[in-house]
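Student: Let me give you the structure first, and then I'll get to my questions.
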Amino acid sequence: MHEANPEQEAHGEPFEVVTRTGLEIAGLTSGERDAPPVLMLHGWLDNAASFGGVMRLLPGRRLYAVDLPGHGRSDHLPQASGRHFIDWLTHVEDIADALGLEQFELIGHSMGAAISMLYAGARPDRITRLVLIEGLGPLTDVPSKAPSQARRSLIGRSRAIGRPPRRLESLDEAIERMLSVRMPMSAHGARVIAARNTRPVPGGEGEEDGALEFTYDSMLQTSSILRLTEEHLIAFVGEITAPTLLVRAENGWPVTPDVAEKRLAAFASIEVTAVSGGHHAHLDDPTETAAHILRFLGLE
């Protein structure tokens, strides 16, 4: 478990839980303990702090924004573990159980939204409301592309195993790097993510003062060995019983109209709304996104 800097936890109280498999999961929580619970799942290579601004604007709920395994300040999975996208469902199940959540509302962004969709379809009895921010499911593929997908995954895995964390001379370097390789986001948003995704380089001979390294698991940058088909995904969506809100950003993640239409039609109940900004709109300027969530959850 990575040590937290209290100055970086201003938008929630830090917490830790240990899952049934022994993984230590970190996160941020806020709200009255007896209020209805909400589990919040961030995007790929993001962390719990990405929800900090939204958390400040959502009264009336007990909010749990977690660092998914391999992100932020949570434990990494063993390198021998698989990284199939569907495996995230087991981690959500274990985290919810460790937090003592029997039924809860689920909010996900990007990768976290895709995980939330699948989990809500697999466990409809546990999810009372579902909010998807800039995410309408994982990448899918046709069966004929499975061998090439597995090949790409195996090659990437070989390169990632044992790769040391990238060394950074400062937090500003981490921010610059994120802004150069990630989907467009504000410098403020990059700083929020980078502050929780870095740590001081462990002591060693020749170490320069102030050097940092990214905390995320390098294995997260490898491809899933097998993708779901579109038919698999539609089947999961068809099992979702929770009323659902999809928040899409005007300049966000592109989803082709025909794919979006088919996926949206599979929901029993879904409302779609738009906010200004890009893929990290909930982080860059949380006001609009939080207002839609407040209304959807009946908290206005």
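Student: Could you count how many residues in region 174-203 are surrounded by 13 or more Cβ atoms within 10 Å (Cβ to Cβ), farther than 18 Å from Ser110 by Cα and without any contact (Cβ under 8 Å) to a residue 12 or more places away in the chain?
Tutor: Selection size over region 174-203: 2.
Student: Checking Ala160 against (1) modelled with pLDDT of 95 or more; (2) crowded, with 16+ Cβ neighbours inside 10 Å; (3) more than 15 Å from the chain's Cα centre (by Cα); (4) not acidic (Asp, Glu), which test does it fail?
Tutor: With respect to (1) modelled with pLDDT of 95 or more; (2) crowded, with 16+ Cβ neighbours inside 10 Å; (3) more than 15 Å from the chain's Cα centre (by Cα); (4) not acidic (Asp, Glu), Ala160 is out only on (1).
Student: Taking region 68-94, which residues are hydrophobic (A, V, I, L, M, F, W, C) and either closer than 13 Å to Gly27 by Cβ or surrounded by 14 or more Cβ atoms within 10 Å (Cβ to Cβ) (or both)?
Tutor: Of everything in region 68-94, those that are hydrophobic (A, V, I, L, M, F, W, C) and either closer than 13 Å to Gly27 by Cβ or surrounded by 14 or more Cβ atoms within 10 Å (Cβ to Cβ) (or both) turn out to be Leu68, Leu77, Phe85, Ile86, Trp88, Leu89, Val92.
Student: Quick one: is Glu231 surrounded by fewer than 20 Cβ atoms within 10 Å (Cβ to Cβ) and at pLDDT 95 or above?
Tutor: yes
The values are calculated or read from the model by the stated rules, or taken from the named source; none is laboratory data. This is a predicted model, so every value here is computed, not measured. Note that each Cβ is placed from the backbone with ideal geometry, even for glycine, and that neighbours are counted across all protein chains shown.
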